[in-house]
Amino acid sequence: MSGSPSIERGKLAYLALDLPHKGQASYVHIHEVVDNLRRLGWRVDLFTPRPGTPDKPRKVVAKAYEYLRTSWQALMSLRTHDVLYVRAHALTWPVAMAARLSGRVLVEEVNGTELDLIVSRPWLRPLRGVLRWLYVSQYRRSHHLFPVANELADWLRAQARHDRISVVPNAANTDLFHPIDCEPQEPFVVFFGGLTDWHGVDVMVDAIRHRAWPGGVRLLVIGTGVRQALVEEAVRAGLPIRWLGYRPYEQIPGLIAGAIAGLIPMTNPLGRSSTGMNPLKLFETLASGLPAIVSELPGQADLVREGRCGLVVPCGDAAALARAVAELAAAPDAAREMGRRGAAVVRAAHSWRARAVEIDKVLRVCLAGAAG
């Protein structure tokens, strides 16, 4: 979308029905977009459920209450806002439809498909058709869609039956994540993020057990999640893993400084990653001056190859991951050069401010169209 009209920035309601705690990728994404749009002059009201904590996740009834409370507040606020910005969710359907009926500009940020819900909550599989309809009917009525990957944009064009789509991937806070000179006591690689079913926790543990894993190199794991028992078991078994559990987001840059590489071995359960992956940890790893070792999935593999800022391994291949770690551990100068290139790529084009500028241009065009 070229240029933007001279229309003034208005008042925006941002609705996100995720239940993230501080430091989770969704929490970071939401608040970075909101904060940077505010810096550009938008008056943004954020409507999101009150988060749980990493050690005390909310029960189902409490989650349902938070969904209802947040949706009702957003619904009642529509008359005072020019734009409803939705982080796509099946249960945002009533508020999204109300926004269109009331003449508000509706835009949606799309981070995946209904498969994300089914992978994390398999009991929802019989409802896949209903979930798909709840999502797609919102997409078709949106003034604009913001998918996070090119492949997801292609999927959306087919589902939404329009081309009002702009790819806006994740990014990094380059004030927080930047290269830090550090000499670690022992060589290590790092994974930070949620220990979920698709983040390749089993692949990393199997890689450490593989004979190709370089001696003396430890894996630092920062995060919690449904697969943390696998990490705890590996630690008890004496594998070279240091698990820190949850750490405040602001501490992450200092903890990962000096690593040989950041590991991002995303997997593809039920094909949920085939629509493209640009995970937050990829941009934060590169911004920190670390080369990234990523799995062969659209989006992340493309960025690493084009920027020559890491290595790409086959999805789910523990042996290949072990060999990639060994390759970078044996060539520290080459690894540092990859890290420098990655940090430069993120500074140039993948900061959260740059993302907000892209979104701002689209929102102003949508407002101008609504006003006309």
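The values are calculated or read from the model by the stated rules, or taken from the named source; none is laboratory data. All values derive from a computational prediction rather than experimental measurement. In this analysis, Cβ positions are derived from the backbone assuming ideal geometry, glycine residues included, and neighbour counts consider all displayed protein chains. All accessible areas refer to the heavy atoms of the entire protein, side chains included, with ligands and DNA or RNA removed. Shrake-Rupley method; radii C 1.70, N 1.55, O 1.52, S 1.80 Å.
I want to confirm something. Restricting to segment 329-358 and keeping residues that are farther than 21 Å from A257 by Cβ and charged (D, E, K, R), which single residue is most open to solvent (accessible area, probe 1.4 Å)?
Only one residue fits best here, namely R353.
Out of S142, S166, which single residue is touching a residue at least 24 places away in the same chain (Cβ under 8 Å) and more than 18 Å from the chain's Cα centre (by Cα)? It would help to see each step written out before you state the result.
Working: S166 fails: more than 18 Å from the chain's Cα centre (by Cα).
S142 is the lone residue from the list that is touching a residue at least 24 places away in the same chain (Cβ under 8 Å) and more than 18 Å from the chain's Cα centre (by Cα).
Test D154 against the stated conditions and say whether it is assigned to a loop (DSSP other than H, G, I, E, B), of a type in the set (D, E, K, R) and either open to solvent by 60 Å² or more (accessible area, probe 1.4 Å) or in contact with a helix residue (DSSP H, G or I) (Cβ under 8 Å, 6 or more places away or on another chain) (or both). Can you show your working first?
Working: assigned to a loop (DSSP other than H, G, I, E, B): no; of a type in the set (D, E, K, R): yes; either open to solvent by 60 Å² or more (accessible area, probe 1.4 Å) or in contact with a helix residue (DSSP H, G or I) (Cβ under 8 Å, 6 or more places away or on another chain) (or both): yes.
The answer is no for D154.
Can you tell me which condition T113 does not meet? The list is (1) in contact (Cβ under 8 Å) with a residue 12 or more places away in the chain; (2) farther than 20 Å from T267 by Cα, and all the others hold.
Evaluating T113 over (1) in contact (Cβ under 8 Å) with a residue 12 or more places away in the chain; (2) farther than 20 Å from T267 by Cα leaves (2) as the failure.
Examine segment 313-328 for a residue that is open to solvent by 10 Å² or more (accessible area, probe 1.4 Å), modelled with pLDDT of 95 or more, closer than 20 Å to A171 by Cβ and of a type outside the set (A, V, I, L, M), and state whether such a residue exists.
no
Could you say which residue among A354, A334, A343 is over 26 Å from the mean Cα position of the chain (by Cα) and part of a helix (DSSP H, G or I)? Quick ask: steps written out before the conclusion?
Working: A354 fails: over 26 Å from the mean Cα position of the chain (by Cα); A343 fails: over 26 Å from the mean Cα position of the chain (by Cα).
None of the other options fit; the residue is A334.
Name the residue that is modelled with the lowest pLDDT, counting only residues in segment 63-90 that are loosely packed, with under 14 Cβ neighbours inside 10 Å and not aromatic (F, W, Y).
The extreme case among them is A64.
Does P298 count as more than 30 Å from H81 (Cβ to Cβ) and in contact with a helix residue (DSSP H, G or I) (Cβ under 9 Å, 6 or more places away or on another chain)? Outline the logic, then answer.
Details: more than 30 Å from H81 (Cβ to Cβ): yes; in contact with a helix residue (DSSP H, G or I) (Cβ under 9 Å, 6 or more places away or on another chain): yes.
Taking the combined requirement at face value, the residue satisfies it.
For segment 276-309, enumerate the residues that are touching a residue at least 40 places away in the same chain (Cβ under 8 Å) and within 17 Å of P179 (Cβ to Cβ).
Matches in segment 276-309: K281, L282, F283, E284, T285, L286, A287, S288, G289, L290, P291, A292.
I'm checking my understanding of the structure. Among residues of segment 310-341 that are without any contact (Cβ under 8 Å) to a residue 24 or more places away in the chain and of a type in the set (D, E), which one is nearest to S351 (Cα to Cα)?
The extreme case among them is E337.
If T174 satisfies all but one of (1) open to solvent by 20 Å² or more (accessible area, probe 1.4 Å); (2) more than 27 Å from H350 (Cα to Cα); (3) hydroxyl-bearing (S, T, Y), what's the number of the condition it fails?
(2)
Could you please find all residues in segment 256-300 being at pLDDT below 95, part of a helix (DSSP H, G or I) and either of a type in the set (G, A, S) or closer than 20 Å to I208 by Cα (or both)?
G271
Any residue at all in segment 188-200 that is surrounded by fewer than 17 Cβ atoms within 10 Å (Cβ to Cβ) and of a type outside the set (G, A, S)?
From segment 188-200, those surrounded by fewer than 17 Cβ atoms within 10 Å (Cβ to Cβ) are none; that's our starting set.
Within segment 188-200, not a single residue is surrounded by fewer than 17 Cβ atoms within 10 Å (Cβ to Cβ) and of a type outside the set (G, A, S).
Can you tell me which residues in segment 120-141 are outside any helix (DSSP H, G or I) and open to solvent by 100 Å² or more (accessible area, probe 1.4 Å)? Before the answer, list the steps.
First, the residues of segment 120-141 that are outside any helix (DSSP H, G or I): 121.
Within segment 120-141, no residue meets the criteria.
Can you tell me which residue within segment 212-255, out of those that are aliphatic (A, V, I, L, M) and in a loop (DSSP other than H, G, I, E, B), is most open to solvent (accessible area, probe 1.4 Å)? Lay out the reasoning, then the answer.
Step one: of segment 212-255, the residues aliphatic (A, V, I, L, M) are 212, 217, 219-222, 226, 229-231, 234-235, 237, 239, 241, 244, 252, 255.
Subset that is in a loop (DSSP other than H, G, I, E, B): 212, 217, 226, 237, 239.
Details: A212: 29, V217: 8, V226: 113, A237: 72, L239: 34 Å².
Out of the qualifying residues, it is V226.
Got a number for residues in segment 291-302 being open to solvent by 10 Å² or more (accessible area, probe 1.4 Å) and either of a type in the set (K, R) or over 15 Å from the mean Cα position of the chain (by Cα) (or both)?
Adding up the residues that qualify gives 2.
Can you tell me which residue among A149, A64 is under 26 Å from H21 (Cα atoms) and free of Cβ contacts under 8 Å to residues at least 40 places away in the same chain?
Values: A149 fails: free of Cβ contacts under 8 Å to residues at least 40 places away in the same chain.
Criteria check complete, one pass: A64.
Are any of the residues in segment 96-114 within 14 Å of F47 (Cβ to Cβ), open to solvent by less than 30 Å² (accessible area, probe 1.4 Å) and among the basic types (K, R)?
no
M97 - would you say it is more than 27 Å from A153 (Cβ to Cβ) and more than 22 Å from the chain's Cα centre (by Cα)? Lay out the reasoning, then the answer.
On the way: more than 27 Å from A153 (Cβ to Cβ): no; more than 22 Å from the chain's Cα centre (by Cα): yes.
No.
Of all the residues that make up segment 112-131, how many are under 21 Å from D154 (Cα atoms) and either touching a Ser or Thr at 6+ places or on another chain (Cβ under 8 Å) or small (G, A, S) (or both)?
Residues flagged as under 21 Å from D154 (Cα atoms) and either touching a Ser or Thr at 6+ places or on another chain (Cβ under 8 Å) or small (G, A, S) (or both) within segment 112-131 amount to 3.
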